[in-house]
C-alpha cells in the first residue's frame, strides 16, 4: 500500500522534478491512465491550505496534489500533512517536492517513516563512475548509450553541473542518430557546438546579437528543449568565458581544470571563448551572471512563462550596454 504523502527532495531541481514526474506517471498508470491532478506551490497555499482530499473527486478518478517548493510550507500546512499520514484519505495522494527539509524536518521524518521519502542527489565530485552513470542515464532518455570514454568526454565539456550535462546531451541527441555514442561524436557535436540547440543560443547571445539569439531560443523551445537545460548552457558559457579570460582554463590538461573549476575547456575552444570575452565591456559579464541568476529564480519560483523569462534574460545579455556620455566623448577624442 502506498503512503498518502511523498516527499521528493534534493539540491538539483531538474532531477527532483524528473523523479516527481516519474512518480506521477506510476500513480497515473496504477489508476488506469487518469488522475485528477492539482499542481500548486507551497507559497500559494493560503489560509484554506490544501484542497479537501476527503471528498470524492468530481470526475471519479484518484486525486493527486503536487506541492512544489515544499521547503517553504507554513507550519499549519505541514501539520495538516502530518495529520494525513495518521489518517490517510481514500484515493488521494500528495507529492511534495523540495530542495531541502530545514523548515519541515518533523514532516519529513514522518513521511520517511511512512515510506514516502525519496532523496535525489548527485554523486560527490570524486566519484567519477557515479557521474558517468548520471550521463549514461541522461543519454538513455534520448535512446542513446556510450562507453566510459564517451561518457567522460561529455563530462570534460559539461563539468559536474546537472543542467549543463542535460543541455549538452540534448544537443548531442539532436545530431546523433539513436544508438551508441563515441568520443568522436561528442567532440564533433559538443566541442564544436554546431549550429543547433542551447549552445547556438549561447553563441548568438555572446556574439551580442539579440535578434538572432532570441530567434534561436524560440526554436530551441519549440523543439522541446527544457528551459532549465537552456539556462544551464547559457550559464556554462558565461562561466567558461570568465575562466578563459582569467587564464584559468584551456592551457592545462582537462583533469587539472576539472579539479580546479568543475569543468574543462579544450585548447581548440579557447580562441572561441576569448573572442566572446572581447565582446563584453567592463562590468557586463558580472551583469550577465546576475541576469542569469535572476532567471534561475524566476524559472524555479514564479508563475512567469518560462519562454518569456529566458527571452528577457537572453535579450538583456545580448544587447550591448550603451556607453555613458563621458565615455563616448573620450572615445571620440
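Considering only residues in region 105-135 that are touching a strand residue (DSSP E or B) at 6+ places or on another chain (Cβ under 7 Å) and part of a helix (DSSP H, G or I), the one that is surrounded by the fewest Cβ atoms within 10 Å (Cβ to Cβ) turns out to be 108. Here residue 206 meets the list (1) buried (at least 24 other Cβ atoms within 10 Å of the Cβ); (2) over 22 Å from residue 280 (Cβ atoms) almost entirely, failing just condition (2). Residue-level analysis places residue 212 outside the set of residues that are at positive phi, at pLDDT 80 or above and either crowded, with 24+ Cβ neighbours inside 10 Å or over 21 Å from the mean Cα position of the chain (by Cα) (or both). Here residue 32 fulfils each of the conditions (1) at positive phi; (2) in contact with a helix residue (DSSP H, G or I) (Cβ under 6 Å, 6 or more places away or on another chain) apart from (2).
With respect to the stated conditions, residue 139 is part of a helix (DSSP H, G or I) and in contact with a strand residue (DSSP E or B) (Cβ under 7 Å, 6 or more places away or on another chain).
Considering 86, 47, 137, the condition of being without any contact (Cβ under 8 Å) to a residue 12 or more places away in the chain, in the same structural domain as residue 16 (by TED's automatic domain parsing) and more than 24 Å from residue 3 (Cα to Cα) is satisfied by 47 alone. Every test in (1) surrounded by fewer than 18 Cβ atoms within 10 Å (Cβ to Cβ); (2) more than 20 Å from residue 298 (Cα to Cα); (3) at pLDDT 85 or above is passed by residue 5 save one, and that test is (1).
When each of 151, 217, 221 is tested for being modelled with pLDDT of 85 or more, in a helix (DSSP H, G or I) and surrounded by fewer than 20 Cβ atoms within 10 Å (Cβ to Cβ), the lone residue that passes is 221. Every listed requirement among (1) assigned to a helix (DSSP H, G or I); (2) at pLDDT below 80; (3) closer than 29 Å to residue 12 by Cα is met by residue 263 save one, (1). Report yes if residue 63 is under 20 Å from residue 39 (Cα atoms) and surrounded by fewer than 17 Cβ atoms within 10 Å (Cβ to Cβ), otherwise no. The answer is no for residue 63.
The values are calculated or read from the model by the stated rules, or taken from the named source; none is laboratory data. Computed from a predicted model, the values in this text were never measured in an experiment. Please note: Cβ atoms are built from the backbone with ideal geometry, for glycine as well, and neighbour counts cover all protein chains shown.
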